[in-house]
């Protein structure tokens, strides 16, 4: 998705017919503004693969070494540490200290794939810990990879590095095969999407954690004992909603929580507005604070009088919460992951 100040994709293509494409690409820094949310792909009446076009142009830039330093550093960190956050791979499982979570080497029905951001970011570690507690309360037989877990490669591919993506995919599938993994649940819709749609030859089932929790509630394995007397709206993450049509499970979880008044924003489900965190945007600062999609989205949540803006994606949580903190809106609205709300009500 592009903001109004960003380049016109159609003009970008036409320019390439008359000039050296590489020169056209290198003159347009706006190529990094695309969040790869697929809104344009879904709406294009001609079925033009705009997403493939943008990532292809980024690949040209990566090949030539003309990329923004934050993107360069993120790509290098994945190669060195198996995560884009420039933190050692040996620290990946520190988020789980004290939780007594099984390692997949001990065997389990389900592999919980935590993901890079929930493993390393202090705010998102709370979400990962909440998911673990929920699964334990429901008696789910699950395990994690610990320090063997590496990046799924979703954002790496979208930042224009298909070579590292292919390596990560092969390595992850080898690890899954090593431990006879047949079912995976993910924290992030980005991991969910790439496992489901982009890992060629994958022979394991993958679910987003909200899908599993919705099933546990329906089966009676998870019940609530406390009310949350709040008005709550839900922000559909692009990689869960637009790209995979997972709209109902998150809503079923929220509406199952006692005391919640659930309201929809005008732009919801297929029409949900991107938070602006995908496609490498997490590693590039937004220059136009007034035009930020996350800021518009928080405003839409406040328009429906929501006290809590719920989501189910690490990137969405960070971008939306950043707006609330930056604009000093903490007294008006709170941003929480669905897993955090479930824990509050158990």
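Every number here is computed from the coordinates shown, using simple stated rules; none is lab data. Everything numeric here is computed off the predicted structure, so don't read it as measured data. Note: ideal-geometry Cβ built from the backbone for every residue, glycine included; neighbour counts use all protein chains shown.
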Inset, instruction - Tell me which of these residue 270 doesn't satisfy, since it passes every other one: (1) touching a residue at least 24 places away in the same chain (Cβ under 8 Å); (2) part of a loop (DSSP other than H, G, I, E, B); (3) surrounded by fewer than 17 Cβ atoms within 10 Å (Cβ to Cβ). - result: (2)
Inset, instruction - Scan the range 83-142 residue by residue and report those that are assigned to a loop (DSSP other than H, G, I, E, B), out of contact with any helix residue (DSSP H, G or I) (no Cβ under 8 Å at 6 or more places or on another chain) and free of Cβ contacts under 8 Å to residues at least 24 places away in the same chain. - result: 97, 98, 100
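Would you mind stating whether residue 266 is within 23 Å of residue 243 (Cβ to Cβ) and touching a strand residue (DSSP E or B) at 6+ places or on another chain (Cβ under 8 Å)?
no
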Inset, instruction - Look at residue 177 and say whether it is surrounded by fewer than 24 Cβ atoms within 10 Å (Cβ to Cβ), in contact with a strand residue (DSSP E or B) (Cβ under 8 Å, 6 or more places away or on another chain) and outside any strand (DSSP E or B). - result: no
Inset, instruction - Looking only at the range 328-343, decide whether some residue is surrounded by fewer than 16 Cβ atoms within 10 Å (Cβ to Cβ) and under 26 Å from residue 119 (Cα atoms). - result: yes
Inset, instruction - Any chance you could count how many residues in the range 83-92 are under 17 Å from residue 171 (Cα atoms) and under 17 Å from the mean Cα position of the chain (by Cα)? - result: 2
Inset, instruction - Collect the residues in the range 206-229 that are out of contact with any helix residue (DSSP H, G or I) (no Cβ under 9 Å at 6 or more places or on another chain) and either in contact (Cβ under 8 Å) with a residue 60 or more places away in the chain or more than 30 Å from residue 293 (Cα to Cα) (or both), keeping them in residue-number order. - result: 219, 220
